[in-house]
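One structure is given below, encoded as structure tokens.
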Amino acid sequence: MSKTPPGPKGEPLFGSSRTYARDPFRFISALERAYGDVARFDMGPMDTVMLCDPTAIERVLVSEAERFRKPDFQGDALGDLLGDGLLLSEGETWEQQRKLANPAFSMARLSGMADRITGHAEDRIADWSHGDVIDAEQSMTRVTLDVILDLMMGVELSEQRVRTIEEQLLPLGQRFEPDPIRFAMPQWMPMPDDAEFNRAVRTLDEVLDDIIEVREDSVGTAEDGPMDFLSVLLRARDEGNQSPEQLRDEMMTMLLAGHDTTALTLTYTWFLLSEHPEVEQRVHEELDDVVGDDRPGMEHVRELDYLEWVIQEAMRLYPPVYTIFREPTEDVTLSGYDVEAGTTLMVPQWGVHRSERFYDDPESFDPERWKPERASERPRFAYFPFGGGPRHCIGKHLAMLEAQLITATTASQYRLEFQGETPLELLPSLTAHPRQEMSMRVQER
């Protein structure tokens, strides 16, 4: 006998999409508390199953990953934006591109880039003064853009060009905020914000065209050329193994996905440190002990255990990617429930990371959770900010290295005091952004 997952009934036509759109974070948490491992609901016309069982999540992302694909976003705005880049591509295309990208993201290469990351952080805080009020999210966006442009594209853009990129992020993000009308409408139907979204995409395409033109004659060979991702792709193109369209899709994916999640991790880390001065004090003590008067580098990162716990805990409480999606290619049974092929699977970091089934006092900020003896008591997929399995985030090592070095460089000189109201309200898009401006007062240590 078939066993269908339990869940809320929802409304005609809209299902639960209007409740979800009002506050996806509250919706996910409520379903996790009410139904536990598995819940079914309708997202407009989409039959959706939310999965919060770490054992089943491991099957979907790792041990049985071949039975689950990424849903086909190619016909909607996400496909228009990122195309067939690493984030969305499947099958042979994904395997080929991942193989090309791996050397650029290897720790062997990244460990030699630590000094450049620290340098970008130093440049961005060089004009801060005691008492200044900064927008932490904007500041972290700019430094992580600097890093991804340098390490993965081999360029340094003018401040005006960086701001041009930054100005496109809002219309792009607004297009992906949950909208029950969009959930219910066919993908081809035009909507009011489409024109602004399309303009932003065209502007970023122009920026990427300029970057590619600048780099055309400086990529060398595989033996002696630079190993940033753009150089690798340009060499592959010159050998006939990369189309202009594929090159564009990878660079757009790198530009956007390559900075956004790290900028958000840093933003939430600064917020949490400001709200928990005892934790901030321990970070400062560790930095003084390990780094001292030196510039933070790779040799220090390996010893900054408490700082790593702080960043991990920030990603637990505020995972930048708050849910990921998969789709079974055949009928499957998950956590004892039947799930038909083609069903949308929602696998929410937000719901699992904040579940009292896996964490004591899950709403509290407690970096000590990441002591090895405590972390080992939890299921592996009670925490997955970078996904998992063959499709895990290729930039996870870079993201952690950036977060540690940028935090260490900044916190060695300054404290940041949050000036806004709490609790934070979050704005759901492809990633979880703070709804309010993240104003912080700069205080010299």
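Derivation of every value follows stated rules applied to the coordinates shown; laboratory data play no part. Treat the numbers as computed from the prediction; the structure is a model and nothing was measured. All Cβ positions, even for glycine, are placed from backbone atoms using ideal geometry, and neighbour counts span all protein chains on display.
Worth a mention:
- Full-stretch length increase - Ala195, Lys396 - with 0.36 nm per residue and alpha-carbon distance subtracted: 69.0 nm
- Per-pair calculated FRET efficiency, R0 = 35 Å: Met107 and Ser364 via Cβ, rounded to 0.05: 0.60
- Each residue of the stretch 221-230 is assigned a 3J(HN,Hα), and the resulting list reads 10, 4, 7, 10, x, x, 10, 5, 4, 5 Hz, derived from the Karplus form 6.51 cos²θ - 1.76 cosθ + 1.60 (θ = phi - 60°), x at Gly and Pro.
- Calculated FRET efficiency for the pair Gln138/Glu159, C-beta based, R₀ 22 Å, to 0.05: 0.95
- The stretch 190-304 - percent relative contact order, Cα under 8 Å, separation 6 or more: 14 percent
- Amide proton proximity set for Leu426, modelled H, under 5 Å, gap of 5+: Arg435
- Pairs of Cα atoms nearer than 8 Å and 6+ residues apart set the relative contact order; for the stretch 313-445 it is 22 percent.
- Interchain or long-range residues, amide H under 5 Å from Gly15's placed H: Gly44
- Computing FRET efficiency as 1/(1 + (r/R0)^6) for Glu239 and Glu437, where r is the C-beta to C-beta distance and R0 is 41 Å, gives about 0.30.
- Mean separation of Cα pairs under 8 Å and 6 or more residues apart, divided by the residue count, gives the chain a relative contact order of 26 percent.
- Computed from the C-alpha gyration tensor, the three semi-axes of the ellipsoid equivalent to the chain are 33, 28, 22 Å, from longest to shortest.
- Stretching Arg357 away from Gln419 to a fully extended chain increases their span by 19.0 nm, per 0.36 nm per residue minus the current alpha-carbon distance.
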